[in-house]
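The values are calculated or read from the model by the stated rules, or taken from the named source; none is laboratory data. The structure presented is a predicted model; accordingly, all values stated were derived computationally and were not measured. Counting neighbours? That spans all protein chains shown, and the Cβs are built from the backbone with ideal geometry, glycine included. Side chains are part of the model used for accessible areas, which takes the heavy atoms of the whole protein and leaves out ligands, DNA and RNA. Shrake-Rupley method; radii C 1.70, N 1.55, O 1.52, S 1.80 Å.
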Amino acid sequence: MARSASATAIDPAMVLSHKFPEVASAYDERSPSPRICSMERPNGCSEWDVALYALGVGACNADAADEKELQLVYHRDGQSSIKVLPTFISVLNAKTGDGFYMDVPGLHYDPALLLHGQQYIEIYRPIPSRANVANKIKIAGLHDRGKAAILEVETLTCLEGSGEVLCMNRSTIYLRGAGGFSNSSQPFSYATYPSNEVSDVTFPDSTPFAVCEDRTQKSQALLCGLSGYFHPLHSDPIFAQAAGFTRPIMPGLSTLGFAVRAIMRSFCDMEPTAVKAISCRFLHHVYPGETLVTEMWLEGQRVYYRTKVKERGRAVLSGYVLLQNVPSPLRRQYPCHVAMKFFGIACLMSIVVSDV
């Protein structure tokens, strides 16, 4: 595992000592057209960002008159604000800058070989439909896996003023070709969180409790880009082809939004505050226009899910969503046990590598 020092090798001491500046951001600073009166506020602000995000992850795609999904983009009849999908907080993570984890002293790699391997989210209080927030960023993990390096970046989002912690995002980034930087026979590995915090799922042979089918639009990746997922891989055909795809692909976090929306519809009546935590492994890409099929199994307060592309029969996401509570009728209806095992980062990345 060890290799001689090189100008292009990752310097773990330098990477781990890096201190990110606190990043302030706001959503809904701008006003939409005056005609969208139901979303305006006396101070001229709106709920534009959260509504645009919901549309980007498929809200009302199948039925623009769906009462439950309309609450994510529009409010009326006494509804004080539109409901915020829990995965919207991944946008707060994206708005910290153009890939904040890329500009780290001592971190050397080829951006074209970067893969987003996993996302883990914890939600500590209801997400407001408009807010000023501060993002506190740190390196949560760095691992040498021989041919690749794994970087984990954690963002804690707090409300400005009160300092209340809103949520935490942890992104696991796979840097192909950047491994082999250990200075001893023992591979370098560092993490600030327990190795058993995230669980892998072995899905049962039994019929899923629920299955949801969602057809994405051919312009879905472009629509998602308006919420902050700016990368040419999701919009530029020439760039996408150079990266080995036939056309631009969906952002993985957008596909996650589709899956979590399916879980909310099936288990918590589209109530965003029911979601406490989200764990996701990105297994494969999705092309805009493809159909997503999300299978779900209930175990206690966790919903284990697997999302596939119908047209290619390929699994693209897997993970779990932890709910605040599950109605007792659902517990009685589905008593089966989902086998699971705890895994470390090596297990996660062995699955990601198999799809490279």
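Got a number for carbon plus sulfur as a percent of segment 167-238's accessible area, 1.4 Å probe?
On the way: 1940 of 3660 Å².
That fraction is 53 percent.
Every Cα-Cα pair in segment 250-312 was counted, and those over 18 Å apart are 33% of them.
Of the solvent-accessible surface of segment 242-313, computed with a 1.4 Å probe over protein heavy atoms with every protein chain present, carbon and sulfur atoms account for 49 percent. For TYR124, TYR190, TYR109, TYR320, the ranking by accessible surface with the largest value first comes to TYR124, TYR190, TYR109, TYR320, using a 1.4 Å probe. The listed residues TYR174, TYR305 rank as TYR174, TYR305 when sorted by accessible area, largest first, using a 1.4 Å probe.
In loop segments of segment 144-177 as defined by DSSP, the GluC sites (Glu not before Pro) with at most 15 further C-beta atoms inside 10 Å of their C-beta are GLU160, GLU164.
Which order do ASP144, ASP11 take when ranked by solvent-accessible area (1.4 Å probe, heavy atoms of all protein chains), largest first?
Details: ASP144 0, ASP11 60 Å².
Solvent-accessible surface, decreasing: ASP11, ASP144.
Each Lys and Arg Cβ is given +1 and each Asp and Glu Cβ -1; about its Cα centre, segment 237-313 then shows a dipole of about 160 debye.
Between LYS310 and ARG76, the contour length at 0.36 nm per residue exceeds the alpha carbon distance by 80.7 nm.
Summed over the residues of segment 102-213 and divided among them, the accessible surface reaches 42 Å² per residue at a probe radius of 1.4 Å. Determine the sum of side-chain charges near LYS310: Lys and Arg each +1, Asp and Glu each -1, restricted to other residues whose C-beta is under 11 angstrom from that of LYS310. That sum, taken over residues with Cβ under 11 Å, equals 0.
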